[in-house]
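First the structure, in the form of structure tokens, and then the observations on it.
What follows is calculated from the coordinates using simple rules that are stated; it is not laboratory data. Quantities reported herein were computed from a predicted structural model and do not represent experimental measurements. Here the Cβ positions follow ideal geometry from the backbone for every residue, glycine too, while neighbour counts run over all protein chains shown.
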Amino acid sequence: MLTRALRAVSTLLLGALLVWAARLLFHSKLPEPEGEWREVARAELAG
Amino acid sequence: MKALLLGGSGVVGQRVSEGLAARAEVTELVIAGRNRSGIERTVERLANKAVVATAASVDVTDPNEVAAHATGADVAISCAGPFLARDASAAQGAIKAGVPYVSLGDDLTGTRNVLQLNESARAADVTIVTGCGFSPGITGLLVALAARETQVVEDVEISIGASLLDSKGRATAVHFLTALAQPAGMVFDHRFVQEPPASAPRLVFFPAPIGWVETFRCGHPEVTSLLETYPQVRSLQSRIGLEERAAMDLARVAAGAGVGRSERLTRAMLRLGRPVRPVLDRVPPKGARCTGVRVDVHGHEEGRATSVSFGIADRFALLAAVPVVQAAIELGTRHVTKAGVHTPDRLFEPGGFLRSLVDAGLRIMRLEPTRV
């Protein structure tokens with residue numbers, strides 16, 4: 001009984017770990033940059 | 001001028017002490033906090049500076065202790081986080097002592113508690129500024145800067161892209177989990193609503209070297225403070241994300257399990273998780289060892305839709321320390337005085353204050369969207 005329970009828990013944990021790894025891999029493909037960041041000149045900050 | 005620095009042994013506190021010591025206006029600096037050996041190390045680091053630095057043991061949660069040490073100082077500065085239980089008590093101490101006060105307060109409830117001291121600060125003729133780091137702080141000033149370009153501000157979004165590799169302080173980790181675990185107060189369709197914490201994932205593009213970060217709704221003080229400035233706003237929300245996605249997933253799980261709702265539990269979990277942290281630091285994608293903030297302000301001007309996005313990316317400690325040092329100088333020299341409790345965007349002129357941050361080395365960026 002205990003062995004079966006341990007096996008079920010470890011299978012669940014392994015499954016969750018695989019899903020997590022897949023998510024990390026899937027999300028490593030990011031979209032193209034939204035645009036270009038341009039530095040704001042000091043003078044532009046004047047009120 | 002003489003400055004009292006509360007919480008001078010932490011990552012940001014040390015950077016603030018160096019920033020203050022580098023300013024000619026500061027002649028005397030008292031580094032205070034609970035961690036005696038830590039504050040003494042900070043004092044030792046300032047040994048070759050022109051400032052006279054001393055150490056003092058102070059319990060920041062006791063307003064009377066804070067008042068006793070603040071008496072005679074020109075300004076009190078608090079970097080003693082997490083701020084939920086420490087910002088209001090330190091501010092109360094400063095009010096008792098009649099000394100201007102500025103903090104890095106970045107906790108939603110902590111900020112609300114400080115804002116409630118407005119009447120007592122006004123009665124004591126003391127200027128209190130809460131939330132003068134990068135978020136809140138720089139974020140509110142950038143929103144004000146963007147609002148100059150639009151007649152009506154309709155939608156405001158504030159995003160933080162944090163990095164495990166850049167912010168190793170324990171108080172920062174506690175704050176991160178607290179922000180993620182609290183119901184995310186936000187404005188939606190002109191109504192203040194509480195959304196589930198760590199919900200609504202969305203990728204946000206930050207200035208280089210950060211790039212895209214997956215962010216989630218969180219409870220952050222800007223929603224309270226900016227709503228006072230822009231009461232007509234249609235939507236207003238704060239988002240937060242870790243550049244290290246594996247760590248972010250674990251943080252969401254922890255926040256969902258209730259870690260972050262109590263400081264003691266959060267600290268215990270962080271202690272338990274310490275052995276795992278070096279592993280998390282190595283799991284790809286790695287962070288950029290840099291922290292980013294971005295504000296998006298949408299509105300309209302003469303019937304035409306406007307959209308402005310500003311951002312900053314730099315080292316966490318620098319982003320937090322530069323604005324609080326500048327505010328301390330403005331308050332300590334009495335260049336700015338206005339009795340009551342304020343957030344930086346409501347006290348300082350945004351353009352002038354942001355120029356001083358640029359002079360101190362921060363780079364403010366503006367997003368020029370790609371035209372399709």
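Taking max minus min of the alpha-carbon positions on each principal axis, chain A gives extents of 74, 23, 10 Å, largest first. Normalised by the number of residues in chain B, the average gap of Cα pairs under 8 Å and 6 or more apart makes the relative contact order 20 percent.
Treating the beta-carbon of each Lys and Arg as +1 and of each Asp and Glu as -1, no other charges, what is the dipole magnitude of chain B about its Cα centre, to the nearest 20 debye?
The dipole magnitude comes to about 1040 debye.
Of the Cα atoms belonging to the range B:283-332, the radius of gyration and Dmax stand at 16.7, 49 Å. Given axes a ≥ b ≥ c from the Cα gyration tensor, I'd like to know whether the range B:200-265 is rounded (a/c under 1.5), prolate (a/b larger than b/c) or oblate. Oblate is the answer for the range B:200-265, as a/c is 1.5 or above yet b/c matches or exceeds a/b. Note that chain B shows a convex hull volume over its alpha carbon atoms of 132 Å³ per residue.
Taken over the range B:149-205, the alpha-carbon convex hull comes to 133 cubic angstrom per residue. Summarising the amide proton neighbourhood of B:Thr127: residues at separation of 5 or more, or on other chains, whose placed amide H is nearer than 5 Å comprise B:Tyr101, B:Lys338, B:Gly340.
Against chain A, whose longest principal axis comes from its Cα atoms, helix A:2-26 is set at around 20 degrees.
Assuming a ≥ b ≥ c are the square roots of the Cα gyration tensor eigenvalues, decide whether the protein assembly as shown counts as rounded (a/c under 1.5), prolate (otherwise, with a/b larger than b/c) or oblate. It is oblate, given that a/c is not under 1.5 and a/b is not larger than b/c.
Fewest-first ordering of B:Met186, B:Met269 by other beta carbons within 10 Å of each residue's beta carbon gives B:Met269, B:Met186.
Of all DSSP bridge pairs formed entirely within the protein assembly as shown, close to 55 percent run antiparallel. Too long at a 24 Å Cα-Cα cut-off: which of B:Lys96/B:Lys338; B:Lys96/B:Lys168; B:Lys2/B:Lys96? Result: B:Lys96/B:Lys168 exceed 24 Å. Shown for chain B are the DSSP H helices of 18 Å or more along their axis, judged by Cα atoms, with a mean Kyte-Doolittle hydropathy of at least 1.0: B:316-332.
Once you have a ≥ b ≥ c as the square roots of the Cα gyration tensor eigenvalues for the range B:1-145, tell me rounded if a/c is under 1.5, and otherwise prolate or oblate according to whether a/b is larger than b/c.
Prolate.
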